[in-house]
1. Determine the dipole magnitude for the range A:78-253: charges of +1 sit on the beta-carbon of Lys and Arg, -1 on that of Asp and Glu, nothing else is charged, the reference point is the Cα centre, and the result goes in debye to the nearest 20.
2. Determine the calculated [θ] at 222 nm for chain A from helices alone, applying -39500 (n - 2.57) to every DSSP H run no shorter than 4 residues and normalising by the residue count; nearest 500 deg cm²/dmol.
3. Averaged across the residues of A:6-12, what count of C-beta atoms belonging to other chains lies within 10 Å of each residue's C-beta?
4. Over the range A:214-300, what is the relative contact order in whole percent, taking alpha-carbon pairs under 8 Å and six or more residues apart?
5. Could you sort out which of B:Lys56/B:Lys353; A:Lys254/B:Lys409; A:Lys264/B:Lys409 sit more than 18 Å apart by Cα distance in this structure?
6. Along the positive direction of the dipole of the protein assembly as shown (beta-carbon charges: Lys, Arg +1; Asp, Glu -1; about the Cα centre), which of A:Ser18, B:Ala329, B:Asn169 reaches farthest?
7. Can you work out ³J(HN,Hα) from phi for every residue in the range B:59-74, in order, using Karplus 6.51 cos²θ - 1.76 cosθ + 1.60 and θ = phi - 60°, giving whole Hz and x for Gly and Pro?
8. Charges on Cβ only, +1 for Lys and Arg, -1 for Asp and Glu, centred on the Cα centroid of the protein assembly as shown; of B:Gly343, A:Gly192, A:Met260, which one is farthest towards the dipole's positive end?
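The values are calculated or read from the model by the stated rules, or taken from the named source; none is laboratory data. None of the values given here were measured: they were computed from a predicted structure. So basically every Cβ, Gly included, is an ideal-geometry build from the backbone, and we count neighbours across all protein chains shown. Only protein heavy atoms, including side chains, enter the accessible area calculation; ligands, DNA and RNA are left aside. Shrake-Rupley method; radii C 1.70, N 1.55, O 1.52, S 1.80 Å.
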Amino acid sequence: MLKKLRRAGPPLLLLLPSLILVGVFVYGLIGVNFATSVTDNHTAAQATGQEPSVVVWFRNYLDLLGSEAFQHSLVNLVLFTVVFLVGTMVMGFAWAWMLDRPVRGEGFFRSIYLFPMAVSFVASGVVWRWLLNSNQGESASGLNRLFQMIGLDFLQNNWWNNVTFGIVAIAVPAIWQLSGYVMALFLAGFRGIPDELREAARMDGASEWKLYRHVLFPQLSPIALSALIIIGHMSLKSFDLIMSISKPANYQTKVPAVDMYVFKSSFDYANSAAVGAILLIIVALVIVPYLIHSNRSEKR
Amino acid sequence: MRLNRRTSATVAGAALVGLALAACGGGTDDGGTPEAGGGGGGEVEVFTWWAAGSEKAGLDALVGAFDEQHPDVTFVNGAVAGGAGSAAKDLLQTRLQAQDPPDTFQAHAGAELQDYIDAAQIEDVSALYDEFGLTDAFPADLLDRLSTEDGAIYSIPSNIHRANVVWANPTVLEDNGVDPEATYEDLDAWMADLDKLKAAGVTPLSVATTWTQVHLLETVLLANLGPEAYTGLWDGSTDWAGADVTASLEDFEKLMSYTNTDRDGLDWPEATQMVIDGNAAFNVMGDWAVAAFEEQDKKLGADFTAFPVPGTDGTFDFLADSFTLPVGAPNPDGAKAWLETVGSLEGQVAFNKAKGSIPARTDADPADFSEYQQTAIESFGSDTIVSSLAHGAATPVATLNAVSDATSKFTTGASDLATYQQELAAAVQG
């Protein structure tokens, strides 16, 4: 017994501080958040205990999920995530594929594509708000003006002010910002594939397409999965970019994170916490299978 | 080097203690609340979002008056910049929740205080109104608007702004065949001219993001319903489902059709700038907009004109900044000293001359103020005073948020007028 303690003790002691900190500040607070979300704590008076709040279990969740406004936010979130994911994956892969061939100035292009990631979402959001100005015709500016100048007038549109697809316009700057990161991931993946494999495939008479289809793509799939997970969870948590291009009250660009902020500002802590919990669950739905998967493959 | 077990255990223990200490150190930082002194002295932390521009100038002037009146109390600036006050309100929410209030904080006067009142976070200061003689100095209408149902008042206003003002560019009007001197009886008369401007190809009316649309909505409601029924919208005596509200919403819809399409991406300075630059003819905005014109050397009458929103002449749609006395303020005597200066004639004159708003007191000498301010002071003294919706005087925050959501949904085209009216009714009835 004592021997066991001696062996396990020091490592446990070393880990303990971070365990405690993570336990209290991450899992503890998730617990508090969940506990708040199942109460009817919707007013400032209840938040400070001036008036009682009772546990209503999942009523907040049901009310939220049943409300048209929140459904609109969820739809926006899905639209945003799909476009953001597809956009970054396609752009990132295409760039990596092009840079993987021996090209002159590879380092230069790599930096160019990776650079937008160094800009904060808030700063780029302000610039993109001007670029995505929804005026058309004479008073147009930003991208709409650019389309006019190059004779592509029919491409003018109202960008993020479209009621249904406005949120997709905000995915454009997000794609611009993170495609370079996906490119870097894929490029590392390409570089990790030994040349011998390509040579062997060519020796066996594989065409270029077959080479990619049967040799390179399978080797890249773990990278693609990681990229999907990383971009996916970033997309679900998107808040700063949307806030700096649009405004919290704008209906066309509402997402759950914005709802959470608006609820909190009106002292509706229960709904705010419920939205937070829903977001956490959505992110977990994406991440947990991935963790299980990678855990299994490590054991193997 | 090889460590034996005991050494590594000791190291681990030390690391644990160190981390725990670091964690504690990080947790007790309370944002620099000053230690309270006893009696009337000490420091008074004044929490505002007046961190830049004319607001900062106003605060500095107010502090000047405070130092003269209360030399024994030291002013500590707790201003938080960012987001037109939303950053400050976020931080304030946290501090009040943690029972670490500043000595006094800025808040919009009126119903926006309701949440703090319900949460028992601020004190009734109506006794101070008597003590400082404010009951006679402020217009009776204003006191009515500030008092809660049981007659208590929870803050002292430092300044008054008027929301129902139209700003116009006379050059644009003249160039497009509209008489810049014209006065409009009601919204219909105004919209006839807006039609002319629209046909001429200029933006007749500029507006910005959701809150400015709510601002426009409230002036339309005020114009059509009149002050009494408008006030009734907030206390339940006017029916939101009524035909006159429907008519107002139709007018609002029509007015929105005259506005710039990039509105949701703009904030008020950009919308007002459109009028200054001649890109739009009219803009409905509160009278803080006058600072934007004056900063660019525009002269009232020659380069821009200002008049009450058509149909609201004789009504003063007010909003006000005010200061509170938080429950558990570290230095309540200091806070009271601050409130005394805020309500005093010297304090109000100094502050408002710099900020561009007008004093809540009626005994200030108009000659001290700018030309626009003089007209506003005159109206404030004689007009019926009603509370602004978009600026927190008329309703609590949650109601305003719900109204904003419904308005944004309507103006982006996601709901029709009937749905909009239902959602507004639901928002106000809670």
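1. 180 debye
2. -22500 deg cm²/dmol
3. Working: counts 3, 1, 0, 5, 10, 3, 1.
Taking the mean over all residues of the peptide, I get 3.
4. Values: 41 pairs, mean separation 23.8, N = 87.
Rounded, it is 27 percent for the range A:214-300.
5. Values: B:Lys56/B:Lys353 12 Å; A:Lys254/B:Lys409 10 Å; A:Lys264/B:Lys409 20 Å.
Where the Cα-Cα span goes over 18 Å, the pairs concerned are A:Lys264/B:Lys409.
6. Of the listed residues, the answer is A:Ser18.
7. Per residue, the Karplus-derived 3J(HN,Hα) values read 4, 4, 5, 5, 4, x, 5, 5, 4, 6, 6, 10, x, 7, 9, 8 Hz.
8. Selected residue: A:Gly192.
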